[in-house]
Each structure stands twice: as C-alpha cells, then as structure tokens.
Amino acid sequence: MIVTVQKFGGTSVSDEIGRRHVLRHIVRERNNDRGLVVVVSAMGRRGEPYATDTLLDLIRRNGNGLQDRERDLLLSCGEIISASALTSLLNAEGIPATMLTGGQAGIITDGRFGSAHILDVKPAAIRSHLETGKVVVVAGFQGRTEEGEITTLGRGGSDTTATALGAALHAEVVDIFTDVDGILTADPRVVKDARPLPVVSYEEISNMAHNGAKVIHPRAVEIAMKAGVPIRVRSTFSDGEGTLVTYSEAARSRPGWTDRTVTGLAHFQGVTQLSVTSDNAPYDLQLRVFRAMAANGISVDLINVMPSAVHYTVKEADTDAAIRLLRELGFEPRVIPGCAKLSVIGGGMNGQPGVMAKIVEALTNRQISILQSADSNTTIWVLVSETEMAAALEALHAAFELHIA
Ligand code: ADP
Ligand code: MG
C-alpha cells in the first residue's frame, strides 16, 4: 500500500479554524487505494490549555516535583489530547479514523527521557489499521522504550515522528504542515521580504535547521534523507504546494530550482562571545580553555584560535559558568553578551569568490560591526550584536537578492 504521512504542528491544530483546515487536507489526500497517516503536535502555544508548555507550567507551579520519567508521562498527554480531538472530528465527518500513541505506533526509543532517540520503528500496528481503510492519527513527539516506558523526543519531536514513520512505511512523501508557506529564504518573523523556496536539498535545509531555522527539526531531515523519503513543508492555511525537500541532484532538475550562491539565512539569538588574550600566554592556553569547557559540559562555537588568544562563543545560559572557569584558570576574559549568530547558507557558494566581501559590504554599509566570523564550504557565519540582528538579516537578504525568485 502506498502511504502518505501528514504532520500538523501546534498552531495548525490549536483551534476550530485550524482543525477545519486540517480536515480539508486530509479529505483531499485521502484515497481508497492509499494509506494516510496523520501525525499531530499538541494544541497551541504556552497559555493555551493543552499546549506542552502549559502542562510544564502546571508542574512548575507545584515545585517541579516529578522525576524525568514521570514528567515525560505528563508531556506525552498534549499530543494524545490533540490526536483524540482530531480523530473524533474525522469520525464525526464520516472519515473512518483511529488513533495511536507514539509507543502504540511502534516508535521505539532509548531511555533518555525528555530527549529520547528513536532506535527502531515497528509499523505493524499502523499497517494493520491502514488495511482496514482507516486514517491513522498518531500522537507526535513521543515513543516508548523496549521496556514500555513512555518517552518524549524533545523540541521538534513531532517532525521526527513524521519522518521516522515515513521512512518505516516507505512513504511516497511526508508533508509537514505549518503556519508559513514553506521553507523561506529567512525567518519571516524577522525578515519581511522572506520568500518561499519551491525546492531545496536535504543538505540545505538540514544546514538551515542546525543554524536556527526552526521550521523543521534537523533530526527529522536526516532521517528522511537516509531513507530517501521526500518532504514537503507547506501551509495548513492554504493549498500551496510549499517547499519540496529532496536530494540535491533531484532538486536541481525540479521546476523552481535556480542556481544560486546563497539559498537562505538563519540565525540564533542568545549567544555570548568570550575572548581570552594573554601577552605571556602559556603554550597550551587553548587546550586549557577548551578542556575546562568540555569537562563542565559547556559547548563552544565559532572558535578562532591565535597564538596568544582564543575567541569563542557559548550559549547565554552557560555564560556565568564559563567566566568562572576561565577565572579559575587565571584568565580574565572579555565578555560580550547579547550576540546573535547569523548564517548565510548555500550549497552553491563552494568555491565562489566574493561571498564574504559581499557580506562585509552589506553590513558595513549599515554600520553594523562584525564581532567574529567563520566559514565552511556551504556556510558563512557572522556574529553581530542582537540589537543589530534584524537590520543585519535584512541587509544580507537584500544584498544576495533573496527576495527575487
Ligand atoms: P509548527 O508548530 O508547525 O511545528 P514551528 O513554529 O515549529 O511550527 O515552525 C514554523 C515557524 O518557523 C514559522 O512560523 C517561522 O517563524 C519559523 N521559521 C524560521 N525560519 C524559517 C524559514 N527559513 N522558513 C520558514 N519558517 C521559518
Ligand atoms: Mg515545529
């Protein structure tokens, strides 16, 4: 049986209007000879009654007195409620449907509560329900261990559920429905001119996702890529085709592909820059610094090493601990909190001269200073002050003409 997987995010299922749109996509896709699996996230965002963050607030108010294992039981409820609401709507509309928790759907994970990794997917239960002609609604973001403990997959977990099921069922496509028209050239909440891309490669979106584009979780992309299952990222609230994600060779031959140096921009906020300089630096300055960070579980990024200096960044939350460790080593770091890491991403920039020059020019023209930079063959990163982040992204978006198809 040919199977399609559809995933609907939190904003898509949060209210009656959203659920009506969801219904429309299910009705359109449903077909007697095919199987349809629908993965749902919890309903809405913090403050709304059944949203995951609301459930978390509930135990926070009570002093957080739950073990990780018990917390995952609570967290898994949001998606179960959401799946129940949709299943009942489908049945009421005359569309035969049934629902499964992640564990019942065969998602087997390790025991890392709160951020479990999928070890195996056993799709037998889904298949047997599909054979009866029912739409199978699966609660996203969760699985179970071999021993039967309920686990959750961490942020973006429903994306991972969808592509893992898509891979196990050899789905024709996994449709990720969300509140924007697809994968855009930048986060539309920051860059007004951001434009949906008709087609991108797995590598490009994985790179964008790793660099902060939260439209899809990077782990979900990697699972689909390994299995060769195409993804479409599209809007719940329209009938647009959205963005097709496939292998780069296949992407190139698709309508809508343009040979481009830069595909898109991504960003992370909440970054602190640390610089350690020393005139009479010990020969192993860098080793001491990075060993101390690693031993204390602080991940470091944007590392520039020079003979008697080292510059790097840490997450805002790790700043105080990092400064304390450096002082213990006898160093007084220069600290710049409130930074944003911007990524200029494109599979086509490999070997193209002038990309960095264009970035520097775009930012300099707006008097935005670059605190640090780094590059790989598909990405250039620049660190700027958070207060200049939006202006910097707008400037880069314009400089690379990303608003033009
Ligand atoms: P869902 O609840 O459907 O999973 P998310 O909030 O996780 O939705 O992801 C969708 C959001 O991702 C969009 O509303 C948008 O603000 C953000 N986003 C960030 N970067 C991009 C990008 N490059 N393209 C599209 N959306 C992006
Ligand atoms: Mg999401």
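The values are calculated or read from the model by the stated rules, or taken from the named source; none is laboratory data. Because the structure is a prediction, the values reported are computed rather than measured. As a convention, Cβ positions derive from the backbone with ideal geometry for all residues, glycine included, and neighbour counts pool all protein chains shown. We work out accessible area using only protein heavy atoms, side chains counted, and drop any ligands, DNA or RNA first. Shrake-Rupley method; radii C 1.70, N 1.55, O 1.52, S 1.80 Å.
Would you pick out the residues in segment 344-364 that are open to solvent by 60 Å² or more (accessible area, probe 1.4 Å) and assigned to a helix (DSSP H, G or I)? Within segment 344-364, M356, A357, K358, E361, T364 qualify.
If you go through segment 1-23 and keep only what is away from ligand 1 (no atom under 11 Å from the Cβ), more than 21 Å from L130 (Cβ to Cβ) and in a helix (DSSP H, G or I), you end up with E16, I17, R19, R20, H21. Considering segment 57-74, and only residues there that are out of contact with any Gly (no Cβ under 8 Å at 6 or more places or on another chain) and assigned to a helix (DSSP H, G or I), the residue that is surrounded by the fewest Cβ atoms within 10 Å (Cβ to Cβ) turns out to be R61. Inclusion of L326 among residues that are open to solvent by less than 20 Å² (accessible area, probe 1.4 Å) and more than 26 Å from N207 (Cβ to Cβ) is warranted. I want to confirm something. Restricting to segment 138-168 and keeping residues that are among the aliphatic types (A, V, I, L, M) and closer than 12 Å to A224 by Cβ, which single residue is farthest from ligand 2 (Cβ to nearest atom)? The selected residue is A168. Among the residues of segment 365-374, write down those that are more than 17 Å from H397 (Cα to Cα) and part of a helix (DSSP H, G or I). The answer is none; no residue qualifies. Can you name the residue in segment 1-56 that is among the polar types (S, T, N, Q) and over 23 Å from H217 (Cβ atoms) and is also most open to solvent (accessible area, probe 1.4 Å) among such residues? Looking at the filtered set, the residue picked out is N32. Could you tell me whether segment 32-39 includes any residue that is in contact with a helix residue (DSSP H, G or I) (Cβ under 9 Å, 6 or more places away or on another chain), over 24 Å from G148 (Cα atoms) and not basic (K, R)? So far as segment 32-39 goes, yes, one or more of its residues are in contact with a helix residue (DSSP H, G or I) (Cβ under 9 Å, 6 or more places away or on another chain), over 24 Å from G148 (Cα atoms) and not basic (K, R). Residues in segment 194-204: is at least one more than 10 Å from ligand 1 (Cβ to nearest atom), in contact with a His (Cβ under 7 Å, 6 or more places away or on another chain) and modelled with pLDDT of 95 or more? No, the conditions are met nowhere in segment 194-204. Among the residues making up segment 258-294, those that are part of a strand (DSSP E or B), open to solvent by 20 Å² or more (accessible area, probe 1.4 Å) and within 16 Å of ligand 1 (Cβ to nearest atom) are H267, F268, Q269.
The number of residues in segment 295-308 being open to solvent by less than 30 Å² (accessible area, probe 1.4 Å) and in contact with a helix residue (DSSP H, G or I) (Cβ under 8 Å, 6 or more places away or on another chain) comes to 1.
So, in segment 182-193, of the ones that are within 7 Å of ligand 1 (Cβ to nearest atom) and of a type in the set (A, V, I, L, M, F, W, C), which residue ends up nearest to V344 (Cα to Cα)? Step by step, filter segment 182-193, then rank; the result is A186. When only residues in segment 171-204 that are within 14 Å of ligand 2 (Cβ to nearest atom) and open to solvent by 50 Å² or more (accessible area, probe 1.4 Å) count, which is farthest from M225 (Cα to Cα)? Ranking the qualifying residues of segment 171-204, first place goes to R189.
Among the residues of segment 29-76, count how many are of a type in the set (S, T, N, Q) and farther than 26 Å from D179 by Cα. The qualifying residues number 4.
Being at positive phi and surrounded by fewer than 20 Cβ atoms within 10 Å (Cβ to Cβ) is true of G154.
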